[in-house]
1. Taking Cα pairs under 8 Å and at least six residues apart, what relative contact order does the chain come out at, in percent?
2. Kindly provide the trypsin sites (Lys or Arg not before Pro) of the range 1-80 that DSSP labels as loop, not H, G, I, E or B, and whose Cβ sees at most 11 other Cβ atoms within 10 Å.
3. With each run of n ≥ 4 DSSP H residues scored as -39500 (n - 2.57), what mean residue ellipticity at 222 nm is computed for the chain after dividing by its residue count and rounding to the nearest 500 deg cm²/dmol?
4. Could you work out the mean projected area of the convex hull around the alpha carbons of the chain, in square nanometres to one decimal?
5. Which one of MET31, MET169, MET78 has the biggest mean-square fluctuation once the chain is modelled by GNM with Cα springs under 10 Å?
6. Would you please state the base-10 log of I(q)/I(0) at q = 0.12, 0.14, 0.19, 0.24 1/Å for the range 16-87, with intensities from the Debye formula using one equal scatterer on every alpha carbon?
7. Give me the Kirkwood hydrodynamic radius of the range 102-206 in Å, from all C-alpha pairs, to one decimal place?
8. If the cut-off is a Cα-Cα distance under 18 Å, which lysines reach LYS187, setting aside same-chain residues fewer than 8 apart in sequence?
Amino acid sequence: MVYTGVLTKMQTEFLEPIQYYLVFENDFIHMNQLLNKTINIKLVGHQCLSCGLDKPIYRQGFCRSCFFDKPVAGDWIMRPELSTAHLGKEDRDLEYEQKVQLQPHIVYLANSSNVKVGVTRKSQVPTRWIDQGAHEAVEIVEVPNRYLAGITEVALKDHVADKTNWRNMLKNDVKDEDLLEWRHNLKGYIPEEAQPYFIENNTETHLVFPVEQYPVKPKSLNLNKTPNYTGKLVGIKGQYLIFEDNTVFNVRANEGLVVEISM
Ligand SMILES: [Zn+2]
């Protein structure tokens, strides 16, 4: 079987274990069914997720000009505290920014290699945690817009990490943490504007990934350098495919690449 399409991050289903789907225009692959099978990934081109042109991918699946021009790639995406739609102030396209920013957002703690704070739209829970490869997570506040989530994250960053180590996440070099205790200890650092939105009663969410064998020394597959790779799939965690020979492939970081996948 050969499937051809442009890579976008895998769709997921929150089951035990997590179910992963690689979705192409006319086809999809249920990745869990490929575990323990040898697959081939071949780079055949590029397709910007915004303009659709075969141009080099710059960031987040976009070509350089789309990344700097299109509303879907504004700075407030990566830095929620820069959101201004709640003030009626436009960055690149106010209508789009109001639609995305003026909706319930969650500030959460997730543990994928260490405890970190993060922001996501409420509709993206638990998808966001799955994408990060977190094995446990808990919400801290639910606020009505992205700006409030952003300033909360910035304030909490002084007391908890906001980055994770992808190698440790993949090696499963993790320890369980009491996220409720972390939440309790961080509560006092939430900015005043967001304090009323603290979620009083909450429990941890636990996530189980389909991994048969964790890599000992993960090495990242770069299709632009190695355009043709064959390996036996032994696990999926976060947005990574894990192969028996320690190769790992971050599907999300390769959005916009057109590939041929065969098995
Ligand atoms: Zn483009």
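1. Details: 564 pairs, mean separation 77.9, N = 263.
Rounded, it is 30 percent for the chain.
2. On the way: sites: LYS9, LYS37, LYS42, ARG59, ARG64; in loops: LYS9, LYS37.
Filter output for the range 1-80: LYS37.
3. On the way: 7 runs with 49 residues, N = 263.
Roughly -4500 deg cm²/dmol at 222 nm, from the helical runs in the chain.
4. Hull-based average projected area comes out at 14.0 nm².
5. Its mean-square fluctuation being the largest, the pick is MET78.
6. Reported log10 I(q)/I(0), two decimals: -0.55, -0.70, -0.93, -1.05.
7. Numbers: mean 1/r = 0.0739 Å⁻¹.
Averaging 1/r across every pair of different Cα atoms and inverting gives 13.5 Å.
8. Cross-link targets: LYS116, LYS157.
Every number in this text was worked out from the coordinates using simple rules, so none of it is lab data. What you are looking at is a predicted structure, and each value in this text was computed from that prediction instead of being measured. Positions of Cβ are generated from backbone atoms using ideal geometry, with glycine treated the same way; all protein chains shown enter the neighbour counts.
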